[in-house]
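Enquirer: Below are the structure tokens for one structure; questions will follow.
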Amino acid sequence: MKFELTYKYKIVLNCCMKKMMVLVFLIANTNFNYAQKLTSFVDPFLGTGGHGHVYPGATVPFGMVQLSPDNGVEGWDWCSGYHYSSNTIAGFSHTHLSGTGIGDWCDISLLPLNDTSEIRKPRILLPFNHNNESAKPGYYQVKLNNGINCELTATERNGYHKYTFPNEKGWLRFDMGFAINWDKTTAGSLEIINDSTIIGYRFSEGWAKGQKVYFAARFSEKILQQLFISDSISNKSKAIGKKLKLALQFASQNPLLVRVGLSSVSSEKALASLNETNQLSFNETVKKADVLWEKELQKIKINTDNKKQAQQFYTALYRTCMAPVIYSDNDGFYQTHNNVTKNFTKGENKYTVFSQWDVFRALNPLFTITQPKRLPDMINSMLQLYQDNGLLPVWDLSSWETNTMTGYHSVPIIADAMLKNIQGFDYNLAYTAMKKSAMQNQRGTQDYIKYGYLPQDKHGWSVTITLEYAFDDWCIAQVAKKLGNDSDYQLFSKRAMSYKALFDSTSGFMRAKKSTGKFVEPFDPILSEHGFEGQYVEGTAWQHSFFVPHDVNGLATLYGGKENLVKKLDALFSASSVLHGENVSSDISGLIGQYAHGNEPSHHIIYMYSTLGHPEKAAKWLKVVIDSMYKAGPDGLSGNDDCGQMSAWFIWTSLGLYPMNPASGEYVFGYPFIKHATIQLPNKKTLTISSKSLGIKNKPNSIVRVILNGKQISPIKITHEQLMSGGTLMLETN
């Protein structure tokens, strides 16, 4: 049928088309291009250099699998297995830690090869060039110098590999003996169960003990040849050993696809986990991963006109979804470090990698907004660890309590959720567990209770531990008050004031004391002792003396008033950055004076200025940190990302506020670095944060007025309840 438009309808159509063109022009030139995929702004290589300790490989949000390249180099800056300064790859393993200060995992390593010339080497280092490497959320690619193109993607429990060989045949080597830093294999197994499937396991110990990773791998091509390289072979199809390797040959007319499923329970469970990628092509899996990441990033939409800022922001938001990670199988089962198989029934997934000393400060408060569905599961995982191990986790890795760092900081994380009325876990069980941590018979706790502070002659890191226990006890006191337990409220409120016992009014620092009540002499405020016998963990008196986030006014009183405390903060930033000591902590990085942004103890300090009535000083130093400590590219982080804490600080600060006391349910205003942001709230409302410059002359930059839904509120802080009301938050600056 022939169809012709009349003159009248041609005019109408032309008008409509012109209007559409105008609309398209306006959309294209508006400040908010919501059609652009936010995953396009993420740079997985940001922070892979310097001391960021992050990995560039493929994972999905909080996934069990983190499929990423390992350089085959060991040392502090290779805690994730990869550092941008390297130009070799020793394999692609399936588990990695993001931004930690200790290296572990890197389980189930695969390496593609063209031939068997180096097949028996303990470690093969294949060169590559960064120009032949790329990555985006859920996908990693590198073309090795031997001509093999390697592509990786992932689902929650599956790693998906794609290898394109330059020759007619190619080899793939599985290495159960591959390990980095402290880690070592204690047992390995590899078994060929048919012409296209193998199963196995790697048991290891390192930072964590009793680690068990079972796997199943299925290939798109049939195995042509097999070669076991082992310290103990049982038969032709199965081998066991601590240094066990298996080389498999495949025809390579088509790219070789390898799907690898993981489990902490058994190889049979790992085989079952392969259902995640059944009937899925490699490209479909890449797309599914991208969709999951896009959903996470859409939770906070910002103006993306400034490409550099958008890249930094969305890479930071991406990094906040790297830990903790799923530990249980799809059916809820998991295996503990002491070989007990259990079923996690209190949520959808049980998690591991709880870096509590780092993440209680900013990451977990962010989770109360961005992860309302996962957060109860995470807390139930902590409570399950309490039931499995007897205490809440300090630093859980593969269900093993590493006891790394100080404090009992599961307490503020759980307290924050309870005080914000987040549901989905047992409040009574949580409160019992919190008190158990506060009364434990290790980590100097009993001496802290006995003396009202932890004496240095009883336990190392005494100043840091005293200050952090005092804060954690304040958190317990607030929960006790909420639950109506007045006697506990009084007890823990008193313990929360323990910080006062270590204040030296003469020097203006928190100092170590002996059990006699006398300060330890001599005293050097810039002495760094990186060891268990030091007085401050990973820092000096300068960085740790300000950790009283629950009682800033009380701390000011010790200094003789707020202005005196402000002067001490000023001195922090103007002091020399020189450090003393024979074993200075490498964690003290990102220095501005003695403020060390590269490590967590400093993260709340700038916001103390706002609380003390000097928002202009907060704005000044926040700008310095944002401009100098966060950059694009591999060297973009000034210190370890520490499972997303460094990134979470950037997210909060960019928006103009921060949880200075991370369990208070309040956020202190700083200075907005993003002009417009829209946040999806857990209650299905949205909050739009905008900034407006009033252009007041001869005044330093600061927030001078805050308007929430048309009403002026405090320019110092805002409550979680106020944020949850949604609407519009206007930050007016001069």
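Enquirer: Out of segment 372-407, which residues are among the hydrophobic types (A, V, I, L, M, F, W, C), touching a helix residue (DSSP H, G or I) at 6+ places or on another chain (Cβ under 7 Å) and either at positive phi or in a helix (DSSP H, G or I) (or both)? Break it down into steps so the answer makes sense when it comes.
Expert: If we filter segment 372-407 for residues that are among the hydrophobic types (A, V, I, L, M, F, W, C), which is where we start, we get 375, 378-379, 382-383, 385, 391-392, 394-395, 397, 400, 405.
Those still in the list that are touching a helix residue (DSSP H, G or I) at 6+ places or on another chain (Cβ under 7 Å) too: 375, 379, 382-383, 391-392, 394-395, 405.
If the condition is that a residue be among the hydrophobic types (A, V, I, L, M, F, W, C), touching a helix residue (DSSP H, G or I) at 6+ places or on another chain (Cβ under 7 Å) and either at positive phi or in a helix (DSSP H, G or I) (or both), then Leu375, Ile379, Met382, Leu383, Met405 are the ones that fit.
Enquirer: Could you grab me the full set of residues in segment 227-256 that are of a type in the set (A, V, I, L, M) and either in contact with a Phe, Trp or Tyr (Cβ under 6 Å, 6 or more places away or on another chain) or under 27 Å from Phe333 (Cβ atoms) (or both)?
Expert: Going through segment 227-256, the residues of a type in the set (A, V, I, L, M) turn out to be 227, 229, 233, 239-240, 244, 246-248, 251, 256.
Matches in segment 227-256: Ala239, Ile240, Leu244, Leu246, Ala247, Leu256.
Enquirer: If you scan segment 552-568, which residues turn out to be part of a helix (DSSP H, G or I) and small (Gly, Ala, Ser)?
Expert: In the first step, residues of segment 552-568 are kept if they are part of a helix (DSSP H, G or I); the result is 552-558, 562-568.
Once the filter is applied, which keeps residues that are part of a helix (DSSP H, G or I) and small (Gly, Ala, Ser), segment 552-568 yields Gly554, Ala556.
Enquirer: Among the listed residues Ser220, Ser109, which satisfies the condition of being under 15 Å from Thr95 (Cβ atoms) and among the polar types (S, T, N, Q)?
Expert: Working: Ser220 fails: under 15 Å from Thr95 (Cβ atoms).
Answer to the check: Ser109.
Enquirer: Taking the condition of being of a type in the set (A, V, I, L, M, F, W, C), out of contact with any helix residue (DSSP H, G or I) (no Cβ under 9 Å at 6 or more places or on another chain) and surrounded by fewer than 17 Cβ atoms within 10 Å (Cβ to Cβ), how many residues in segment 695-729 meet it?
Expert: Step one: filter segment 695-729 for residues of a type in the set (A, V, I, L, M, F, W, C), giving 696, 703-704, 706-708, 713, 716, 718, 723-724, 729.
Subset that is out of contact with any helix residue (DSSP H, G or I) (no Cβ under 9 Å at 6 or more places or on another chain): 696, 706-707, 718.
When the remaining residues are screened for being surrounded by fewer than 17 Cβ atoms within 10 Å (Cβ to Cβ), the result is 696, 707.
Matching residues across segment 695-729 total 2.
Enquirer: Exactly one condition in (1) more than 21 Å from Ser664 (Cβ to Cβ); (2) assigned to a loop (DSSP other than H, G, I, E, B); (3) in contact (Cβ under 8 Å) with a residue 60 or more places away in the chain; (4) over 14 Å from the mean Cα position of the chain (by Cα) is not met by Tyr334; state its number.
Expert: Unmet condition: (2).
Enquirer: Filter segment 578-593 down to residues that are of a type in the set (Gly, Ala, Ser) and either in contact with a Gly (Cβ under 6 Å, 6 or more places away or on another chain) or buried (at least 17 other Cβ atoms within 10 Å of the Cβ) (or both), then give me how many there are. First the steps, then the outcome.
Expert: Taking segment 578-593 first, the residues of a type in the set (Gly, Ala, Ser) are 581, 585-586, 589-590, 593.
From what's left, either in contact with a Gly (Cβ under 6 Å, 6 or more places away or on another chain) or buried (at least 17 other Cβ atoms within 10 Å of the Cβ) (or both): 585-586, 589-590.
Final tally of qualifying residues: 4.
Enquirer: Related question: Got at least one residue in segment 249-259 being over 25 Å from Trp171 (Cα atoms), touching a residue at least 24 places away in the same chain (Cβ under 8 Å) and not in a loop (DSSP other than H, G, I, E, B)? Walk me through how you get there before you give the answer.
Expert: First, pick out the residues of segment 249-259 that are over 25 Å from Trp171 (Cα atoms): none.
No; the residues of segment 249-259 include none that is over 25 Å from Trp171 (Cα atoms), touching a residue at least 24 places away in the same chain (Cβ under 8 Å) and not in a loop (DSSP other than H, G, I, E, B).
Enquirer: Just give me the residues in segment 481-533 being assigned to a loop (DSSP other than H, G, I, E, B), among the aliphatic types (A, V, I, L, M) and more than 25 Å from Asn583 (Cβ to Cβ), in sequence order.
Expert: The first filter runs over segment 481-533 and keeps only residues assigned to a loop (DSSP other than H, G, I, E, B), leaving 484-485, 496-497, 505-508, 511-512, 514-518, 520-526, 530-533.
Narrowing the set further to residues that are among the aliphatic types (A, V, I, L, M) leaves 496-497, 512, 520, 526.
Those that are assigned to a loop (DSSP other than H, G, I, E, B), among the aliphatic types (A, V, I, L, M) and more than 25 Å from Asn583 (Cβ to Cβ): Ala496, Met497.
Enquirer: With the requirement that a residue be of a type in the set (A, V, I, L, M, F, W, C) and under 17 Å from the mean Cα position of the chain (by Cα), what does segment 36-91 give you?
Expert: If we filter segment 36-91 for residues that are of a type in the set (A, V, I, L, M, F, W, C), which is where we start, we get 38, 41-42, 45-46, 54, 58, 60, 62, 64-65, 67, 73, 76, 78-79, 89-90.
Hits for segment 36-91 are Val42, Phe45, Leu46, Val54, Ala58, Val60, Phe62, Met64, Val65, Leu67, Trp78, Cys79.
Enquirer: Here are some residues: Tyr469, Tyr453, Tyr431. Which one is closer than 23 Å to Asp358 by Cβ and either assigned to a loop (DSSP other than H, G, I, E, B) or within 30 Å of the chain's Cα centre (by Cα) (or both)? Full working, then the answer.
Expert: On the way: Tyr453 fails: closer than 23 Å to Asp358 by Cβ; Tyr431 fails: closer than 23 Å to Asp358 by Cβ.
After ruling out the rest, the residue left standing is Tyr469.
Enquirer: Would you mention how many residues in segment 261-290 are within 19 Å of Asn349 (Cβ to Cβ), surrounded by fewer than 22 Cβ atoms within 10 Å (Cβ to Cβ) and hydrophobic (A, V, I, L, M, F, W, C)? Please lay out each step first, then the result.
Expert: First, the residues of segment 261-290 that are within 19 Å of Asn349 (Cβ to Cβ): 261-266, 269-270, 272-277, 288-289.
Adding the requirement that they be surrounded by fewer than 22 Cβ atoms within 10 Å (Cβ to Cβ) leaves 265-266, 272, 274-276, 288.
With hydrophobic (A, V, I, L, M, F, W, C) added as a condition, the list becomes 265, 272, 274.
Looking only at that region, the number is 3.
Enquirer: Among what's in segment 425-473 and is without any contact (Cβ under 8 Å) to a residue 24 or more places away in the chain and among the aliphatic types (A, V, I, L, M), pick the residue that is surrounded by the fewest Cβ atoms within 10 Å (Cβ to Cβ).
Expert: This residue is Met439.
Enquirer: Can I ask one more? Of all residues in segment 447-463 being touching a Lys or Arg at 6+ places or on another chain (Cβ under 8 Å) and charged (D, E, K, R), which is nearest to His530 (Cα to Cα)?
Expert: Here the residue is Asp457.
Enquirer: Separate question: What number goes with the only condition from (1) crowded, with 20+ Cβ neighbours inside 10 Å; (2) part of a loop (DSSP other than H, G, I, E, B) that Phe128 does not pass?
Expert: (2)
Coordinate-derived values only; no laboratory data. Just so you know, these numbers come straight off a predicted model, no measurement behind them. Positions of Cβ are generated from backbone atoms using ideal geometry, with glycine treated the same way; all protein chains shown enter the neighbour counts.
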